[in-house]
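Note sheet for the following structure.
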Amino acid sequence: MSEHLTPVVIVGARGRMGRVLIREVTGSDNFVLVGAVDRSGGPGRGLDAGRLAGTVDIGVTVTDELIPRRAVVVDFSLPQATVGNIRRCVDAGVPLVLGTTGIDAEARAVLSEASRTIPIVSDANFSVGITLLSRLAGLAARALGPSWDTEIIEIHHKHKRDAPSGTALRLAKAVAKATDRNLADLIRTDRSGSASEPRHEGEIGIVAVRGGDSVGEHTLMFLTDGERIELSHRASDRAIFARGALRAARWVESREPGLYSMADVLGLADLG
Ligand code: NAD
């Protein structure tokens with residue numbers, strides 16, 4: 001057992017990510033769960049968090065109101081809850097790890113303002129592998145230059161609603177940024193109807209495959225005459241996001257106020 005246990009409160013405890021987070025926290029020697037919150041009236045209310053997550057009772061009851069105590073708040077809930085949760089963290093002066101995606105401009109402004117008072121790690125993808133892959137994408141694109149063709153293939157389960165995935169867009173953006181280009185001018189997600197047209201120079205193509213139960217696969221290709229480089233990441237378990245978020249929770253516990261990303265947690269932020 002490690003000497004210091006990082007106390008965490010999980011918000012969105014009843015959700016897919018919340019339950020994985022509870023399992024990861026209770027199975028780790030580095031953390032202690034001190035609170036579990038889900039929205040008012042949800043079926044998980046009043047249940048023991050361990051039981052909710054399918055493990056043993058741990059003596060922490062799921063409540064419907066976030067009352068932060070001395071702990072890192074790990075929020076994977078829904079965008080409607082984000083502003084209220086940030087404000088409660090600011091009032092209590094506790095660090096926040098925010099994984100909720102789809103937050104609007106108002107919430108982003110509140111987040112930015114709050115980061116003057118408390119340390120916050122916010123990222124749309126807490127996977128260590130994807131964070132590294134994004135940096136590798138930028139490094140490769142910068143070294144190869146815009147004359148190399150870039151294509152991305154992503155695969156996700158059949159229930160996924162959005163295409164291309166946010167992660168594919170993030171990789172494309174990293175390539176565009178590293179070569180001083182604007183992604184909106186380059187992205188190509190549909191080549192149908194252009195059979196007689198060759199590939200446009202500089203475009204970044206994205207192919208979205210949907211089917212089965214794939215948690216998420218991304219392959220970034222750099223192609224030129226005579227050679228091809230492929231960088232791939234395959235996720236097989238949602239727990240990677242929870243493990244990344246908990247790594248961020250441990251990291252942010254002793255930080256100065258500021259708005260950080262998973263790249264900061266991994267020490268990759270300066271690599272472009
Ligand atoms: P989910 O719908 O299974 O769970 C969301 C939970 O939040 C539900 O139990 C809901 O009752 C609860 N909730 C709603 N309003 C609340 C409130 N006001 N206070 C407390 N709890 C509230 O969703 P999920 O798959 O667990 O994902 C949750 C969020 O995390 C989504 O925004 C998702 O896109 C995001 N996510 C982020 C990453 C990442 O790496 N950043 C990875 C996976 C999912």
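The values are calculated or read from the model by the stated rules, or taken from the named source; none is laboratory data. It should be emphasised that the depicted structure is a prediction, and the values quoted were computed from it without experimental measurement. Note: ideal-geometry Cβ built from the backbone for every residue, glycine included; neighbour counts use all protein chains shown. SASA here: full protein model, heavy atoms, side chains in, ligands and nucleic acids out. Shrake-Rupley method; radii C 1.70, N 1.55, O 1.52, S 1.80 Å.
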(message) Given (1) in contact (Cβ under 8 Å) with a residue 60 or more places away in the chain; (2) more than 14 Å from the ligand (Cβ to nearest atom); (3) open to solvent by 10 Å² or more (accessible area, probe 1.4 Å); (4) of a type outside the set (F, W, Y), identify the lone condition not met by G129.
(response) (2)
(request) Would you please name the residue that is nearest to L78 (Cα to Cα), looking only at residues in the stretch 1-25 that are at pLDDT below 95 and more than 9 Å from the ligand (Cβ to nearest atom)? (result) H4
(request) For residues that are away from the ligand (no atom under 12 Å from the Cβ) and among the aliphatic types (A, V, I, L, M), scanning just the stretch 227-238, find the one that is surrounded by the most Cβ atoms within 10 Å (Cβ to Cβ). (result) L231
(message) Among the residues that make up the stretch 109-116, is at least one of them more than 13 Å from R170 (Cα to Cα), modelled with pLDDT of 95 or more and touching a Phe, Trp or Tyr at 6+ places or on another chain (Cβ under 7 Å)?
(response) no
(request) Could you grab me the full set of residues in the stretch 239-262 that are more than 11 Å from the ligand (Cβ to nearest atom), aliphatic (A, V, I, L, M) and assigned to a helix (DSSP H, G or I)? (result) L246, A249, V252
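Conditions tested, residue by residue: (1) within 14 Å of the ligand (Cβ to nearest atom); (2) closer than 19 Å to A109 by Cα; (3) touching a residue at least 60 places away in the same chain (Cβ under 8 Å); (4) in the same structural domain as V25 (by TED's automatic domain parsing).
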position: V56; (1), (2), (3), (4): no, no, no, yes
position: D64; (1), (2), (3), (4): yes, no, no, yes
position: P68; (1), (2), (3), (4): yes, no, no, yes
position: A71; (1), (2), (3), (4): no, no, yes, yes
position: Q80; (1), (2), (3), (4): yes, yes, no, yes
position: V83; (1), (2), (3), (4): yes, yes, no, yes
position: I86; (1), (2), (3), (4): yes, yes, no, yes
(message) Can you pull out every residue in the stretch 26-44 that is within 11 Å of the ligand (Cβ to nearest atom) and among the acidic types (D, E)?
(response) D38
(message) Tell me the residue from T150, T189 that is modelled with pLDDT of 95 or more and either of a type in the set (D, E, K, R) or surrounded by 15 or more Cβ atoms within 10 Å (Cβ to Cβ) (or both), please.
(response) T150
(request) Could you tell me which of the residues D104, D75 is surrounded by 22 or more Cβ atoms within 10 Å (Cβ to Cβ), under 21 Å from L259 (Cβ atoms) and among the charged types (D, E, K, R)? (result) D75
